[in-house]
Structures are given as structure tokens and as C-alpha cells.
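Below is one structure, written out as C-alpha cells; the observations come after it.
The values are calculated or read from the model by the stated rules, or taken from the named source; none is laboratory data. Please read all numbers here as calculations on a predicted model, not as lab measurements. All Cβ positions, even for glycine, are placed from backbone atoms using ideal geometry, and neighbour counts span all protein chains on display. Each accessible area value is taken on the protein alone, full model and side chains, heavy atoms only, with ligands, DNA and RNA left out. Shrake-Rupley method; radii C 1.70, N 1.55, O 1.52, S 1.80 Å.
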Amino acid sequence: MLVIIFQVIGLYFLLDFLTGVVHFWMDRYGREDMPLLGKAIIEINTWHHENPRRMTTRSYWYLCKSGWIGVGAMWLAVFLLTGGLSWQWLFLGLLGANANIVHQWAHKFPNEKPAVVTWLQRMRLIQRPLDHAKHHTKPETRAYCTYTPWLNPVLDGIGFWVGIENFFSLLGVHTTDRID
């Protein structure tokens, strides 16, 4: 039982990191003119940075459809490669597909979300508005993880995102400079 508890905690932090990587890529390298992804994902992310509260007016499916498509593709690939899906893959997928809802909750006021969500935020099991506000503070180049309040201070503190940008820059890949 202890092994499963540690796996759940590890997977939860892995999920937060992976959603942070996706968020980082969208903010710093995504372009609205990219085939398939531009209009479906990057454009939505761009208007979100122009008006973060706009996200609170969007439906579940509007916010999560691209996550479900990505998770579906991941599950299919894992199934084809391994012949099955473990509970760990299901756990990552179910939570990952809903990452934008957790992100949306970080933009909502307490009276706009279920009381259990406010409680989860208060217990710091999911990100609070105060935690996520750091991402929307100029120059908007930090705090990309949107699930928990725990990874962003560590990753920002060690200069993780800046290091990734510097590495890509050495390779000749530069940011869109759309956000900051």
C-alpha cells in the first residue's frame, strides 16, 4: 500500500511537471500560424494571457478537448506498444486531460467554483489563485506548472525555464517573444 501511495505522489508531481513543460512550450515557442496546433491551442493560450479571467467563461469541453485528444493519443500509443494500460497511465491521463480545468479554477473567485475545489486549494493540493498569479506577473516567464503550488518555486529557483531557453537559443531556436 505504501508503494502505491508513493507512486501516486510521484505521478502527481510528474503530471505537474509535464503540464508545466507543455505550458512553457505554448507560451514561449508556440505560434498561432502553426498547422493544427496554432488555432486550436496557441491562439487560446494567447488570448488567455491578454485576459486571464476570460478562461473562466469557457466550457469544460472548450478547455479540455485538446488535452483529451493528447491523452487519447498517448493511451493508444502505450496500448499498442505494451498491450495494455496500467492504472498509472490511466491516472496520468485522467488528471492530465483535466489540467486546464485546474488552471481555470486558479483564475476563479471562491464563489465561482465548488466548495471542494476551494478546500483543495486551501489545503494546497491544487494550485491557488495566489500561486498562479506569479505566472501572470511580468515578464510572464516563470511559474508554468499549473497543477500544484509545489514545483514552481523549485523550478524557478534553480532557473530551470531560463536554462531551457538558453539551451534552445544555443541550438538556434528562439522564443516567440509574444508573452513578455
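Just checking, does the stretch 106-126 include any residue being within 16 Å of Cys64 (Cα to Cα), within 14 Å of the chain's Cα centre (by Cα) and touching a residue at least 12 places away in the same chain (Cβ under 8 Å)?
Looking for residues that are within 16 Å of Cys64 (Cα to Cα), within 14 Å of the chain's Cα centre (by Cα) and touching a residue at least 12 places away in the same chain (Cβ under 8 Å), one finds at least one in the stretch 106-126, hence yes.
Looking at Leu155, Leu125, Leu120, which is the one that is under 24 Å from Arg58 (Cα atoms) and not in a loop (DSSP other than H, G, I, E, B)?
Working: Leu155 fails: under 24 Å from Arg58 (Cα atoms); Leu125 fails: not in a loop (DSSP other than H, G, I, E, B).
After ruling out the rest, the residue left standing is Leu120.
Got a number for residues in the stretch 62-87 being surrounded by fewer than 15 Cβ atoms within 10 Å (Cβ to Cβ) and over 16 Å from the mean Cα position of the chain (by Cα)?
The number of residues fulfilling the criteria is 13.
For the structure I just gave you, tell me whether Glu165 is out of contact with any Pro (no Cβ under 7 Å at 6 or more places or on another chain), charged (D, E, K, R), more than 22 Å from Trp105 (Cα to Cα) and surrounded by 16 or more Cβ atoms within 10 Å (Cβ to Cβ). Give the steps one after another, and end with the answer.
On the way: out of contact with any Pro (no Cβ under 7 Å at 6 or more places or on another chain): yes; charged (D, E, K, R): yes; more than 22 Å from Trp105 (Cα to Cα): yes; surrounded by 16 or more Cβ atoms within 10 Å (Cβ to Cβ): yes.
The answer is yes for Glu165.
Going by the structure shown, is Thr146 under 22 Å from Trp68 (Cα atoms) and at pLDDT below 95?
On the way: under 22 Å from Trp68 (Cα atoms): yes; at pLDDT below 95: yes.
So Thr146 passes the test.
Condition first: assigned to a helix (DSSP H, G or I) and buried (at least 18 other Cβ atoms within 10 Å of the Cβ). Now tell me which residues in the stretch 128-146 satisfy that.
Step one: filter the stretch 128-146 for residues assigned to a helix (DSSP H, G or I), giving 129-136.
Scanning the stretch 128-146 gives Asp131, His132, His135.
Which condition number does Gly172 fail, the rest of (1) open to solvent by 10 Å² or more (accessible area, probe 1.4 Å); (2) assigned to a loop (DSSP other than H, G, I, E, B); (3) touching a residue at least 24 places away in the same chain (Cβ under 8 Å) being met?
The number of the failed condition is (3).
For the stretch 1-43, enumerate the residues that are among the hydrophobic types (A, V, I, L, M, F, W, C) and touching a Lys or Arg at 6+ places or on another chain (Cβ under 8 Å). Full working, then the answer.
Initial filter on the stretch 1-43 (among the hydrophobic types (A, V, I, L, M, F, W, C)): 1-6, 8-9, 11, 13-15, 17-18, 21-22, 24-26, 34, 36-37, 40-42.
Once the filter is applied, which keeps residues that are among the hydrophobic types (A, V, I, L, M, F, W, C) and touching a Lys or Arg at 6+ places or on another chain (Cβ under 8 Å), the stretch 1-43 yields only Ile42.
Go through the stretch 11-51 and give me each residue that's open to solvent by less than 40 Å² (accessible area, probe 1.4 Å) and farther than 27 Å from Asn166 by Cβ.
Matches in the stretch 11-51: Leu11, Ile44, Trp47.
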